[in-house]
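The values are calculated or read from the model by the stated rules, or taken from the named source; none is laboratory data. Being a predicted model, the structure only gives us computed values, none of them experimental. FYI the Cβ positions are ideal-geometry reconstructions off the backbone, even for glycines, and counts take in every protein chain you see.
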Amino acid sequence: MSEPKTFYAKYNGGLGECPVEVEGHGANWADGKEHKVDANTARSLDAEVIERNGEKIKLFTIREE
Amino acid sequence: MTTKFLTARTELLFLIEETTKGLLKVPIGTSALRLIDDPTFDQMIAAFLSKERKNTYDYTKRFTTRYPAGKFAFKIYIKPSGTLGTAPVGGSCLKGLFGKETIVPATSVTYESLKVSDGLPKTYSAFFKAGDIVLQMSGCIFEKGTFNCNPGPVEDSEVAGLFEGEFFCQHIAAPSAAASNQIITDLVVTVADATQFLNTPFIEVLKADGTTHGPYHVSAIDYSTNVITIDTVGGWTAAITTAVDTIRGYVPTAVDSGNLVNWAFGVTQEDGNDIFITGAEVVYQNGYKVIDNQKNGLLYPNDFMINGLREIKVNNVTFYFDAAEQGDLFYQAQKLQDKAWELPFGDQDGTTGNTGKFVLPKLELETSPKIQSAGGNELTLVENMIALENAGSDACSLSFP
């Protein structure tokens, strides 16, 4: 049985200057810091890619420990 | 029996532009739209009564045929991003409605109408979660948008859009327990009740420890054996070798952004002059038709055409009546005189990036204005206007800023 992993997500910007909220997580994502998330949310946020001027931007950086 | 009671607070809506017309596409978190009223996502079952003449006065039999286009309607706030050149929340609906989205980096986002040479608009996939059920609609086309401008100090003064349209096919997924000790190694899973799923939806797999896998696209459902087959479209990567608890409809984790703005901000411009309206309603109606009568061997529609003209109106424009200022509206109506309008909105400070405006370069009164005293003794003037093109499919556009 492997140890459960801990996931952290950091918002990279890209959706404008307004506050960003992640369903079920009241963190201040605009602070540019890592916030602990569960595995399902990490997976979901990792898929967040938007296109700006033809360039794909990843909205969140995910780190696992 | 019902053992739990859910509220509308559990509702979630996601909308994403399809890559292939009518092919269900998985949304991402930033596709989230927050509903502000009850939505509609209905696909009628075309069931008819048999006309066989039998020796009874009761109906004897019903039969079904192919499905007509589904209909949707939902209302959301249009929320600017706060940043020039970044689309507002609701931008996917606006692009669907107008047809074109032009982004100028760090400057503007503009929604403009399709020209004949532009062809068909994009189709969209909508995922609507209410409680535990997920309705997934493919081939959504936006036929109508209604924007009520209410500049008074009332709760309906936020900038919102009611969007209505049709879709090709509704795919449904509600939760079902997996058969005991299920693992998924070969793209099939046996569930307790396969009738919880309809029309090849996107699902996710919930394990006993609360973690999920997915989304996976269902390719086949066997209602006699309760076996669901998953294909690799949804991104199947590896076998799930620990016991599966539940199979359910997929939605991503919602990512919200955008700022609420209102209609109190800004002054309506008519031919470059300030006018003080007390209300208006912009109605943008496309002339689309989902094709559901072509004998192509399919049960659900899979295509649409543009079969009508685009009708854009500014209805119920109200003013406090001042004959010295507005007496000429009767003349304007009779002589089909046109005028250009800009109808702005924004946050209370007019912050750059949090404003927008409808631009209608050629409006004509449809009828003579009406003088009335709605609600009180004060006289108000009501005009209904129709938007015409000025310089090529430009009867109405919406820009931020």
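See the values below:
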{"item": "Close pairs from region B:250-270: first within 14 Å of chain A (Cβ to nearest Cβ), partner in a loop (DSSP other than H, G, I, E, B) and surrounded by fewer than 18 Cβ atoms within 10 Å (Cβ to Cβ), Cβ under 6 Å, at least 6 apart", "result": "B:253/A:23; B:254/A:23"}
{"item": "Residue in region B:326-347 that is in contact (Cβ under 8 Å) with a residue 60 or more places away in the chain, closer than 28 Å to residue B:87 by Cα, among the charged types (D, E, K, R) and within 14 Å of chain A (Cβ to nearest Cβ) present", "result": "yes"}
{"item": "Options B:228, B:184: the member that is away from chain A (no Cβ under 14 Å), in contact with a strand residue (DSSP E or B) (Cβ under 6 Å, 6 or more places away or on another chain) and modelled with pLDDT under 90", "result": "B:184"}
{"item": "Among the residues listed as A:60, A:7, the single one being surrounded by 11 or more Cβ atoms within 10 Å (Cβ to Cβ), more than 9 Å from chain B (Cβ to nearest Cβ) and among the hydrophobic types (A, V, I, L, M, F, W, C)", "result": "A:7"}
{"item": "Those residues of region B:260-280 which are over 21 Å from residue B:325 (Cβ atoms) and assigned to a loop (DSSP other than H, G, I, E, B), in sequence order", "result": "B:260, B:261, B:263, B:264, B:265"}
{"item": "From A:51, A:65, residue being loosely packed, with under 12 Cβ neighbours inside 10 Å, more than 7 Å from chain B (Cβ to nearest Cβ), of a type outside the set (A, V, I, L, M) and closer than 21 Å to residue B:31 by Cβ", "result": "A:51"}
{"item": "Qualifying strands (runs of 3 or more DSSP E) (wholly inside region B:25-89; at least 3 residues being under 17 Å from the mean Cα position of the chain (by Cα) and within 14 Å of chain A (Cβ to nearest Cβ))", "result": "none"}
{"item": "For residue B:14: the one exception among (1) assigned to a loop (DSSP other than H, G, I, E, B); (2) under 28 Å from residue B:290 (Cβ atoms); (3) aromatic (Phe, Trp, Tyr)", "result": "(1)"}
{"item": "Filtered residue count, region B:162-182, keeping only those that are under 17 Å from residue B:97 (Cα atoms) and surrounded by 22 or more Cβ atoms within 10 Å (Cβ to Cβ)", "result": "5"}
{"item": "Residues (touching a Lys or Arg at 6+ places or on another chain (Cβ under 9 Å), of a type in the set (Lys, Arg) and in contact (Cβ under 8 Å) with a residue 24 or more places away in the chain) located in region A:1-59", "result": "A:10"}
{"item": "Output for region B:1-25, where each listed residue is within 18 Å of residue A:50 (Cα to Cα) and free of Cβ contacts under 8 Å to residues at least 12 places away in the same chain", "result": "B:19"}
{"item": "Pick from region B:193-225, criterion among the charged types (D, E, K, R) and closer than 17 Å to residue B:133 by Cβ, ranking: nearest to the chain's Cα centre (by Cα)", "result": "B:204"}
{"item": "Restricting region B:100-120 to residues that are free of Cβ contacts under 8 Å to residues at least 40 places away in the same chain and within 18 Å of the chain's Cα centre (by Cα), the residue that is nearest to residue B:389 (Cα to Cα)", "result": "B:100"}
{"item": "Matching residues in region B:348-386 - criterion: being within 14 Å of another protein chain (Cβ to nearest Cβ) and at pLDDT 95 or above", "result": "B:354, B:355, B:356"}
{"item": "Residue selected from region A:19-43 under the condition under 16 Å from residue B:251 (Cα atoms) and among the aliphatic types (A, V, I, L, M), by the criterion farthest from the other protein chains (Cβ to nearest Cβ)", "result": "A:42"}
{"item": "Residues of region B:347-381 satisfying the condition of being closer than 30 Å to residue A:17 by Cα and surrounded by fewer than 18 Cβ atoms within 10 Å (Cβ to Cβ)", "result": "B:348, B:349, B:350, B:351, B:352"}
{"item": "Filter result for residue B:242 (surrounded by fewer than 18 Cβ atoms within 10 Å (Cβ to Cβ), touching a residue at least 24 places away in the same chain (Cβ under 8 Å), part of a strand (DSSP E or B) and at negative phi)", "result": "yes"}
{"item": "Scope region A:29-64; condition in contact with a His (Cβ under 8 Å, 6 or more places away or on another chain) and closer than 27 Å to residue B:85 by Cα; matching residues", "result": "A:29"}
{"item": "Hits in region B:252-277 - residues which are among the charged types (D, E, K, R) and more than 20 Å from the chain's Cα centre (by Cα)", "result": "B:270, B:271, B:274"}
{"item": "When residues of region B:382-401 are limited to those that are over 23 Å from the mean Cα position of the chain (by Cα) and among the hydrophobic types (A, V, I, L, M, F, W, C), the one surrounded by the most Cβ atoms within 10 Å (Cβ to Cβ)", "result": "B:385"}
